[in-house]
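Shown next, in structure tokens, is the structure this report addresses.
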Amino acid sequence: MNLLRKGLTDYLELRRGLGFKLVIDERHLRAFIAFLECRKTSHITTRLALEFATFRKNLDPRSWVQRLCALRAFALYWQGFDPKTEVPPEGLLRYPAKRAHPRFCSEAQIVRLLELARGVPPSEVHGLRPWTLYTLFGLLSVTGLRISEALHLKSADIDWAAGVLTVRLTKFGKSRLVPLHPSTVEALAAYARRRDRFLKRSGRPCSGNFFVTNRGTAFSDNNARAAFRELLLKAGLYTSKQGGPRIHDLRHRFAVETLRRWYQAGEQVEHRLPALSTYLGHVNVAATYWYLSCTPELAAAAGARLEARWRGVAR
């Protein structure tokens, strides 16, 4: 079993070297090895892989597929070291792929969320946290950064003079430059000054991350998502029955609004789309094209552009 654990470590290191994160896959695979230990075997079989993937009956079938896919990828690798390894057939479990439909906040609703995050009027009762949430969610709204990218920002990643963020080792292991509007630079600078004063007064060291907690530690993903949902509840934008916008929808909204403004301004969108794709950190422009069909407002802007183009031609 130690050999299998060593093999998993090598497998994760190899694939992460190629740019894959595998955070969830690692959790599934380590749980699977513990599962094999309970079965007193060190050999991967299709029967055991399927049993592990589906033994939690309360999970969504989509989660079963994800678990089995993680096991299958590792089994393909491990088969080269253990000939007794069985690779589960592709498609053994199926679940139709469904992309989450984004729910967009209006500009007024985003302003309301930011006001609630900071507190109206601003207060020092909760320390640095309100300003962290205000600046973090504001940054996501105006740059389209992924939440993980914003939370991993370091102070040194901001070129204050040039007004440019360096986003390092993103979803696909790449880094990119993100130009900022002067008002965004000023908001980030104001937060940095407030953060440094707060930590100095409290005598707490800073983790080095740009966004930190009241203790100076890195602001976590779970913390940010929980805070966002709490703000949605306060703003009346989330219910337990119907749900509400996700934090990732701020990124979707940024992309859609950018495209909508281009259409309304008469820009050649197909020529500018690669620039937006690069700005967002998409691995290819095809990922950005999805935004062209995900919202009625954008479809209406594109339709109006087409109608204006051909007005008077067919009579």
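The values are calculated or read from the model by the stated rules, or taken from the named source; none is laboratory data. These numbers were taken from a predicted model, which means no experiment stands behind them. Cβ atoms come from the backbone with ideal geometry, glycine included; neighbour counts cover every protein chain shown. Note: areas computed on protein heavy atoms with side chains; ligands, DNA, RNA excluded. Shrake-Rupley method; radii C 1.70, N 1.55, O 1.52, S 1.80 Å.
When residues of the stretch 27-65 are filtered for being under 23 Å from the mean Cα position of the chain (by Cα) and either among the aromatic types (Phe, Trp, Tyr) or surrounded by fewer than 18 Cβ atoms within 10 Å (Cβ to Cβ) (or both), how many remain?
7
Only one of Leu113, Leu93, Leu68 is touching a helix residue (DSSP H, G or I) at 6+ places or on another chain (Cβ under 7 Å), surrounded by 16 or more Cβ atoms within 10 Å (Cβ to Cβ) and assigned to a loop (DSSP other than H, G, I, E, B); which?
Just one listed residue meets the conditions, Leu93.
Please work out which one of (1) in contact (Cβ under 8 Å) with a residue 40 or more places away in the chain; (2) part of a helix (DSSP H, G or I); (3) more than 18 Å from Leu139 (Cβ to Cβ) is the condition His271 fails and give its number.
Single failed check for His271: (1).
From Arg15, Arg30, grab the single residue that is of a type outside the set (A, V, I, L, M, F, W, C), at pLDDT 95 or above and out of contact with any strand residue (DSSP E or B) (no Cβ under 6 Å at 6 or more places or on another chain).
Arg30
State the number of residues belonging to the stretch 161-183 that are open to solvent by less than 20 Å² (accessible area, probe 1.4 Å) and either outside any strand (DSSP E or B) or farther than 16 Å from Thr143 by Cα (or both).
Total satisfying the criteria: 2.
Give the residues of the stretch 170-207 that are touching a Phe, Trp or Tyr at 6+ places or on another chain (Cβ under 7 Å) and among the basic types (Lys, Arg), sorted by residue number.
Arg194
Say whether the condition of being under 24 Å from His126 (Cβ atoms) and either of a type in the set (Lys, Arg) or out of contact with any strand residue (DSSP E or B) (no Cβ under 8 Å at 6 or more places or on another chain) (or both) is met by at least one residue in the stretch 175-186.
Yes, there is a match, as at least one residue in the stretch 175-186 is under 24 Å from His126 (Cβ atoms) and either of a type in the set (Lys, Arg) or out of contact with any strand residue (DSSP E or B) (no Cβ under 8 Å at 6 or more places or on another chain) (or both).
Being surrounded by fewer than 17 Cβ atoms within 10 Å (Cβ to Cβ), under 20 Å from the mean Cα position of the chain (by Cα) and within 28 Å of Ser175 (Cβ to Cβ) is the filter here, so list the residues in the stretch 231-273 that pass it.
His248
Going by what's in this entry, would Glu257 be described as acidic (Asp, Glu) and at pLDDT 95 or above?
No.
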